[in-house]
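**Student:** Structure below; questions to follow.
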């Protein structure tokens, strides 16, 4: 399981013209589920999302995590993160989890996130989503769970 995280000033997800999820200050996490991923991978990833230190402390150093920064977490499914881009000029998706398994594990991650932290917002699995954000920094990292 992978997450491309971006520290944001605000972020939102729109589906068919309606906002389905939004946060102010916090993290936008684009989440990709790969074949072989399990609940244990989702749990590990969630721990990193909540505890990875990407927010500035009083000295301007990245020493605070999402919880210390009192930020929101916007989770957006993004199967293209599982793409194999090593060969050719077209991505391959053979390493991505099948849609039903991807959705099950993504929803598990969302449920666990709601139990652990607030505010949590999400996109809509499998939908054509438009994601808007203001990246703060910019600060972007690829996490693996």
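A short reminder: the numbers here are calculations on the coordinates, not readings from a lab. Keep in mind that what you see is a predicted model, and the values were worked out from it rather than measured. Here the Cβ positions follow ideal geometry from the backbone for every residue, glycine too, while neighbour counts run over all protein chains shown.
**Student:** Test of understanding: what is the full-extension gain from residue 20 to residue 38, defined as 0.36 nm times their sequence separation minus their Cα-Cα distance?
**Tutor:** Value of the extension gain: 3.9 nm.
**Student:** Okay, next question. So what is log10(I(q)/I(0)) for segment 54-113 at q = 0.21, 0.29 1/Å, when the Debye sum runs over its Cα atoms only?
**Tutor:** -0.85, -1.13
**Student:** Taking one equal scatterer on every alpha-carbon of segment 83-145, how large is log10 of I(q)/I(0) by Debye at q = 0.13, 0.17, 0.18 1/Å?
**Tutor:** -0.56, -0.96, -1.06
**Student:** Once you wrap a convex hull around the alpha carbon atoms of the chain, what is its projected area averaged over all directions, in nm²?
**Tutor:** 8.9 nm²
**Student:** Between residue 9 and residue 141, what length in nm is gained on full extension when 0.36 nm per residue of separation is reduced by their alpha carbon distance?
**Tutor:** Extending this stretch completely gives an extra 45.9 nm.
**Student:** Still on this structure: Where the centre of each part is set by its Cα atoms, how far does segment 5-22 sit from segment 92-145, in angstrom?
**Tutor:** Here the two parts' Cα centres lie 12 Å apart.
**Student:** What does the helix-only formula give at 222 nm for the chain: each DSSP H stretch with n ≥ 4 adding -39500 (n - 2.57), the total divided by the residues, and the result rounded to the nearest 500 deg cm²/dmol?
**Tutor:** So the helix-based figure for the chain works out to -7500 deg cm²/dmol.
**Student:** Here's a follow-up. Hey, what angle do you get for helix 39-51 against the long axis of the chain, alpha-carbon based, 0 to 90 degrees rounded to 10?
**Tutor:** For helix 39-51, the angle is close to 30 degrees.
**Student:** Continuing with this model, one more query. As an exercise, use a Förster radius of 25 Å and the Cβ-Cβ distance of residue 67 and residue 95 to find the FRET efficiency, rounded to the nearest 0.05.
**Tutor:** The pair residue 67/residue 95 has a calculated efficiency of 0.20.
**Student:** Using label points projected 7 Å from each Cα along Cα→Cβ, tell me how many nm separate residue 104 and residue 132, to one decimal.
**Tutor:** Taking the simple label geometry, residue 104 and residue 132 are separated by 3.6 nm.
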